[in-house]
Amino acid sequence: METTVLGLDKIKTANLVTELNGLLANFQVYYQNARGLHWNIKGKNFFELHAKFEEFYTDAQEKVDLIAERILTLQGTPLHTFEDYISVAKVPVGKGISDDVEAVQLIVASLSELLKIERVILELADQADDEGTNSMMSDFIAEQEKTLWMMNAWLG
């Protein structure tokens, strides 16, 4: 077996890099969605959701950097163009959303999609004995599951 500088199987690592780039693309779309919701939200829940969406996009921005740095650590190249993001992303794109319920539903749909991708990466990282990626995905999943529960509770 040929290994990377980290001692990981090169083929399994290359597969992880591909999946991490997919996650990166999806997080970039999620980030932009949260940013747009923050800017455009209206109604009686404006103050509550305006602040919450800022929290979401700030968190997403940090995760984007963590994912890109993990890709680099695994000796890959992070995707970095909007063209790449749109061609790879599965997270729904929210455009012109100002309604509170529709906005929260977009967050729920986005987090659900991110969790699916993260679970695939978690499994691949486990198979590759890649504890760094495994740990990152475990942290992301735990946090996003809680956020998803809260957003669904908000929706009633």
| remark: All conditions in (1) touching a Ser or Thr at 6+ places or on another chain (Cβ under 7 Å); (2) over 23 Å from GLU48 (Cα atoms) are true of ARG119 except (1)
| Residue list for region 96-126, filter: without any contact (Cβ under 8 Å) to a residue 24 or more places away in the chain and over 13 Å from the mean Cα position of the chain (by Cα) | GLU102, LEU122, GLU123, ASP126
| Which numbered condition GLU54 fails, given (1) over 30 Å from ASP129 (Cβ atoms); (2) in contact (Cβ under 8 Å) with a residue 24 or more places away in the chain; (3) in contact with a helix residue (DSSP H, G or I) (Cβ under 6 Å, 6 or more places away or on another chain) | (2)
| query | Do you know which of the residues in region 127-149 that are in contact (Cβ under 8 Å) with a residue 40 or more places away in the chain and under 14 Å from LEU20 (Cα atoms) is surrounded by the fewest Cβ atoms within 10 Å (Cβ to Cβ)? | reply | GLY132
| said: Against the conditions (1) closer than 20 Å to LEU72 by Cβ; (2) touching a residue at least 12 places away in the same chain (Cβ under 8 Å), where does THR3 fall short? Just the number, please. | reply: (2)
| field | Top-ranked residue in region 97-111 [being touching a helix residue (DSSP H, G or I) at 6+ places or on another chain (Cβ under 7 Å) and of a type in the set (Gly, Ala, Ser); ranked as nearest to PHE46 (Cα to Cα)] | value | SER98
| request: Within region 83-120, track down each residue that is assigned to a helix (DSSP H, G or I) and among the small types (Gly, Ala, Ser). | output: SER87, ALA103, ALA109, SER110, SER112
| note | Looking across region 87-126 at residues that are β-branched (Val, Ile, Thr) and buried (at least 21 other Cβ atoms within 10 Å of the Cβ), the single one that is nearest to TYR57 (Cα to Cα) is ILE107
| request: Please state which of the following conditions LEU49 fails to meet, knowing it meets all the rest: (1) in contact (Cβ under 8 Å) with a residue 40 or more places away in the chain; (2) closer than 16 Å to PHE27 by Cα. | output: (2)
| query | Which number in (1) surrounded by 14 or more Cβ atoms within 10 Å (Cβ to Cβ); (2) within 30 Å of THR4 (Cα to Cα); (3) among the aliphatic types (A, V, I, L, M) marks the one condition that LEU72 misses? | reply | (1)
| said: Which numbered condition in (1) more than 18 Å from ASN40 (Cβ to Cβ); (2) in contact with a Leu (Cβ under 9 Å, 6 or more places away or on another chain); (3) not in a loop (DSSP other than H, G, I, E, B); (4) not charged (D, E, K, R) is the only one that GLN61 fails? | reply: (2)
| field | Enumeration of residues in region 60-76 that are on the phi < 0 side of the Ramachandran plot and touching a residue at least 12 places away in the same chain (Cβ under 8 Å) | value | ALA60, GLN61, LYS63, VAL64, LEU66, ILE67, ALA68, ARG70, ILE71, THR73, LEU74, GLY76
| query | If we scan region 24-36, do we find a residue that is surrounded by 21 or more Cβ atoms within 10 Å (Cβ to Cβ), at pLDDT 95 or above, more than 16 Å from ILE117 (Cβ to Cβ) and of a type in the set (A, V, I, L, M, F, W, C)? | reply | yes
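The values are calculated or read from the model by the stated rules, or taken from the named source; none is laboratory data. Bear in mind that the values here come from a model prediction, so they are computed numbers and not experimental data. Every residue, glycine as well, gets a Cβ built from its backbone with ideal geometry; the counts of neighbours run over all protein chains shown.
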